[in-house]
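I have placed the structure first, in the form of structure tokens, so that the comments after it can refer back to it.
The values are calculated or read from the model by the stated rules, or taken from the named source; none is laboratory data. Just so it is clear, the structure is predicted and the values come from calculations on it, not from any experiment. Cβ placement follows ideal geometry from the backbone for every residue including glycine, while neighbour counts extend to all protein chains displayed.
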Amino acid sequence: MSDRERREIRDGAGEAFSSAFEMIATPSLFGLVGWFIDRQMGLFPLFTLLLAGLVLVYEVWKLYTQYSASMDAELEARRATYSRGTT
């Protein structure tokens, strides 16, 4: 395995870990903020679920769009490579 391949694997693993951490930490943080708002207003699950749910939906959407963009870029790169006749 070449150094370039190893670097790509490490970069991919790092990106996956940061995406997973962001997918868990951000909704949890907003859920905690919602919990504090709910405690002050006496509306326990309302803001907790609303903020955590909205942020979770946003995180899933963001991850999907980034993945789609990277797959489209990879597809275009492969098409360009194949159209030149090199592998």
Checklist entry - For the stretch 65-75, does any single residue satisfy the condition of being surrounded by 10 or more Cβ atoms within 10 Å (Cβ to Cβ), part of a helix (DSSP H, G or I), more than 20 Å from the chain's Cα centre (by Cα) and not charged (D, E, K, R)? => result yes
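Restricting the search to the stretch 1-58, which residues are among the hydroxyl-bearing types (Ser, Thr, Tyr), assigned to a helix (DSSP H, G or I) and modelled with pLDDT under 95?
Start the filter on the stretch 1-58 by keeping residues that are among the hydroxyl-bearing types (Ser, Thr, Tyr), which leaves 2, 18-19, 26, 28, 48, 58.
Of the ones still in play, those that are also assigned to a helix (DSSP H, G or I) are 18-19, 26, 28, 48, 58.
Residues satisfying the conditions are 18, 19.
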Checklist entry - Which one of the conditions (1) free of Cβ contacts under 8 Å to residues at least 40 places away in the same chain; (2) surrounded by 11 or more Cβ atoms within 10 Å (Cβ to Cβ); (3) within 30 Å of residue 27 (Cβ to Cβ) does residue 81 fail to meet, given that it meets all the rest? => result (3)
Next on the checklist: Can you confirm whether residue 83 is out of contact with any Gly (no Cβ under 9 Å at 6 or more places or on another chain), within 25 Å of residue 19 (Cα to Cα) and polar (S, T, N, Q)?
Outcome noted: no
